[in-house]
Amino acid sequence: MNKQKGWPPCARCDQWRPISCECKAINEQGVAPCQVMSRKLFNHLAEENEDG
């Protein structure tokens with residue numbers, strides 16, 4: 001898997017589910033955020049989503 005800038009290995013990522021061995025942030029198309037955006041952008045979008 002090609003990761004974008006800022007993402008750790010899956011096993012150390014906070015989006016990783018160790019029990020099921022899959023990313024909890026995978027979208028409907030089966031794409032993980034680390035494949036399409038930087039970690040900085042992901043965190044920014046998550047903050048905007050929390051603010052409403």
In percent, what relative contact order does the chain have, based on Cα pairs under 8 Å that are 6 or more apart in sequence? 40 percent
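What GluC sites (Glu not before Pro) does the chain have in DSSP loop regions with at most 15 other beta carbons within 10 Å?
Here the sparse-neighbourhood loop sites are Glu28.
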Considering the values (i) 91; (ii) 75; (iii) 43, which represents volume of the Cα convex hull per residue in Å³ as calculated for the structure under consideration? (i)
Helix 39-51 sits off the longest principal axis of the Cα atoms of the chain, rounded to the nearest 10 on a 0 to 90 degree scale, by 50 degrees
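Readers should treat all values here as calculations from the given coordinates under stated rules, not as data from a laboratory. Please read these numbers as outputs of a predicted model, since none were measured by experiment. Note: ideal-geometry Cβ built from the backbone for every residue, glycine included; neighbour counts use all protein chains shown.
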